[in-house]
Amino acid sequence: MALSTRTALVAGASGLVGAQVLRLLLEDPAYSRVTVLARRELPLSHKKLEQRIASFDRLAQIADFPRVHDVFCCLGTTMKQAGSPDAFRKVDFTYVVELARVAVRHRASQFLVVTAVGADPQSRILYSRVKGEAEDALRRLQFESIQIFRPSLVVGARAQGRPVEHVARLLSLLVAWALVGPLSRYRPIKAEALARAMVQVAREAPRGTHVYESKEIRRHA
């Protein structure tokens, strides 16, 4: 595809990874238009940026859902933020999968999503199980390309601090040198590196479903 002809939609642009993805897309000459789908408007303006305010509970009811080539799904929460397992599943499974279903109906060709290392629909850990179930549901949709990114702990400055995550990040950074071989997939990764990998893969747009763990994410960053 020629430069300046791609269009993108970003969901979760107010989050750690989504904000970096949005910034990179706005700077990228390959994209002529970038649409943000969010519950509230971001304090940001750019000639290529279009902001669409929507409820993720009613995505299927959006009559004029944006027609784009690439959908970047950076939605996600934590159990503490969500408040209950059902509320967590609503964000990390229902919103993610519904966004993909609506996007494919509106002829988006590529779906890029952030899940997590260890995503497995058979896992006994709720977080990993929900991420794995979301991946399985996405694989059944008829996109030309599905790109699944499975980072370990994502580090960076968040708008809202997560104390437990902050402690985990510090501990992970201290022991990152020891995470070699098969354990390297658990090394923390910077949000900007993950975002760069997502945008790079989006431009390459390999057909089919592809999974990127830490090693592959860093190679594309």
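The values are calculated or read from the model by the stated rules, or taken from the named source; none is laboratory data. A quick note: this is a predicted structure, and the numbers were derived from the prediction, not measured. Cβ: placed from backbone, ideal geometry, glycine included. Neighbour counts: every protein chain shown. Surface accessibility is based on the protein's heavy atoms, side chains included, excluding ligands, DNA and RNA. Shrake-Rupley method; radii C 1.70, N 1.55, O 1.52, S 1.80 Å.
Listed values, structure above:
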{"read-out": "Scan of segment 107-139 for residues that are basic (Lys, Arg) and either closer than 21 Å to Phe65 by Cα or at pLDDT below 95 (or both), ordered by number", "value": "Arg107"}
{"read-out": "From Arg67, Arg23, residue being in a loop (DSSP other than H, G, I, E, B) and of a type outside the set (Gly, Ala, Ser)", "value": "Arg67"}
{"read-out": "Scope segment 1-47; condition open to solvent by 30 Å² or more (accessible area, probe 1.4 Å) and of a type in the set (Lys, Arg); matching residues", "value": "Arg23, Arg33, Arg39, Arg40, Lys47"}
{"read-out": "Selection within segment 60-116 - crowded, with 17+ Cβ neighbours inside 10 Å, within 15 Å of Val130 (Cα to Cα) and aliphatic (A, V, I, L, M)", "value": "Leu75, Val91, Val96, Val97, Val113, Val114, Ala116"}
